[in-house]
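To start, the structure itself, in structure tokens.
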Amino acid sequence: MGVFGGSFDPPHIGHLIVAEALVEAFSLEHVVFVPARHSPLKKVAPSAPPDVRLRMVRAAIRANRRFAVDAVEIERSGFSYTVETLQVLSRRQPGTPLVLGLGADQWASFGHWRGSGAIAGLAKIAVVTRGGDRPGAVGAGSADVPHLPFTEVRIPRVDISSTLVRRRVRDGRSVRYLVPDSVRRIIEAEGLYLMDAPSGESVARTEP
């Protein structure tokens, strides 16, 4: 089972591409999207409320039978730590191998994550890189955990981010084809991101 976490604020086409790549690379029956209540990798809380982000993820993945969503982090108060989530998922499905999908930027700081060694013991690590990135670069930033094995999963370069989507909504620009239509309808119905301030954009941090 693949595990793909993030704020998903909002979920976009790039997220779906990553999940599909994980399915193919590991012949997975399912990839579970795990929306974070508040990621310790972000300096501010997500713009959209947790329940709305959960609803957007459900809408985004509805057409793919191999995609699922788990609200374990939404239902847990405080910061959403990956090691705690994997522990819960392992208890729920004992004996089921887990594959954790990470971006190359996340892998670069992985040695500073809470329970990084335990995470590697709970799941295989898949580091997703985009076309145009140097294949060997994913290991360069993981000097703090040089002996942890990982599998590189390469995807086409698609320069879409949740920050970009939020900025376009705020500026009154179209996000059609950047997010699934079902997600776009929720954004419009809920009036999301219209007042999203530039200062609300996230920056990469480590899991304390």
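Of note:
- Restricting the stretch 38-54 to residues that are in a loop (DSSP other than H, G, I, E, B), of a type outside the set (A, V, I, L, M) and buried (at least 21 other Cβ atoms within 10 Å of the Cβ), the residue that is modelled with the lowest pLDDT: SER39
- Cβ-Cβ under 7 Å pairs, at least 6 apart or on other chains, the stretch 65-83 side at pLDDT 95 or above, far side among the hydroxyl-bearing types (Ser, Thr, Tyr) and surrounded by 17 or more Cβ atoms within 10 Å (Cβ to Cβ): VAL72/THR85; GLU73/SER80; GLU73/THR85
- Residue count for the stretch 128-187 under the criterion of being in a helix (DSSP H, G or I), at pLDDT 95 or above and open to solvent by 40 Å² or more (accessible area, probe 1.4 Å): the result is 6.
- The residue that is farthest from SER162 (Cα to Cα), counting only those in the stretch 1-57 that are in contact (Cβ under 8 Å) with a residue 40 or more places away in the chain and hydroxyl-bearing (Ser, Thr, Tyr), is SER39.
- Test set (1) modelled with pLDDT under 85; (2) under 27 Å from HIS30 (Cβ atoms); (3) open to solvent by 40 Å² or more (accessible area, probe 1.4 Å) - ALA118 fails condition number: (1)
- Hits in the stretch 2-27 - residues which are in a loop (DSSP other than H, G, I, E, B), closer than 24 Å to GLN87 by Cα and either open to solvent by 50 Å² or more (accessible area, probe 1.4 Å) or in contact with a Leu (Cβ under 6 Å, 6 or more places away or on another chain) (or both): SER27
- Criterion applied to SER39, SER116 was being of a type in the set (Ser, Thr, Tyr) and touching a helix residue (DSSP H, G or I) at 6+ places or on another chain (Cβ under 6 Å), and the one residue passing it is SER116.
The values are calculated or read from the model by the stated rules, or taken from the named source; none is laboratory data. The model shown is predicted, which means the values in this text are computed figures rather than measured ones. Note that we place each Cβ from the backbone using ideal geometry, even for glycine, and neighbour counts take in every protein chain shown. To get the accessible areas, we keep the full protein, side chains included, count just its heavy atoms, and leave off ligands, DNA and RNA. Shrake-Rupley method; radii C 1.70, N 1.55, O 1.52, S 1.80 Å.
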